[in-house]
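As structure tokens, the structure follows; a few thoughts come after it.
The values are calculated or read from the model by the stated rules, or taken from the named source; none is laboratory data. Values in this document were obtained by computation on a predicted structure and should not be read as measured data. A quick note on method: Cβ atoms are made from the backbone with ideal geometry, for glycine too, and the neighbour counts reach across all protein chains shown. Side chains included, ligands, DNA and RNA excluded: accessible areas come from the protein's heavy atoms. Shrake-Rupley method; radii C 1.70, N 1.55, O 1.52, S 1.80 Å.
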Amino acid sequence: KGMMQKVSICCALVIKPKVILLDEPMVGLDPRAIKELKEIVLELRDQGVTVLISTHMLEMVEELWDVMFVMEKSHIIGS
């Protein structure tokens, strides 16, 4: 799964998106790959790309967000 996750992320970045949605992007990645992905997300943000991350692992992404929403049953219940 980890290699497919890496390939999927690379394919998404190749088109130089203005907005990218990552759904549980850390799942299946080793610690080194997670660190690299976080660096990529921060670089994208600095380039003006909107990065949306859907995850249950808040501690993994807490240093990446500018805005965070907590959702339950398709409704925002906190930010």
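Just one of the listed residues (55, 50) is among the β-branched types (Val, Ile, Thr) and touching an Asp or Glu at 6+ places or on another chain (Cβ under 9 Å), namely 55. Evaluate the following for residue 41: is it surrounded by 13 or more Cβ atoms within 10 Å (Cβ to Cβ), hydrophobic (A, V, I, L, M, F, W, C) and not in a helix (DSSP H, G or I)? The answer is no for residue 41. I need the full set of residues from the stretch 62-79 which are on the phi > 0 side of the Ramachandran plot and of a type in the set (S, T, N, Q), in order please. Scanning the stretch 62-79 gives a single hit, 74. Residues in the stretch 1-35 that are outside any loop (DSSP other than H, G, I, E, B) and among the small types (Gly, Ala, Ser): 2, 8, 12, 33. Taking the stretch 7-37 as the range and being open to solvent by less than 60 Å² (accessible area, probe 1.4 Å) and farther than 22 Å from residue 71 by Cα as the test, the residues that pass are 9, 12, 13, 17, 28, 29, 33, 34, 37. Among the residues of the stretch 51-72, which ones are open to solvent by 70 Å² or more (accessible area, probe 1.4 Å) and either modelled with pLDDT of 90 or more or not in a helix (DSSP H, G or I) (or both)? Scanning the stretch 51-72 gives 52, 56, 62, 63, 65, 66, 67, 69, 71, 72.
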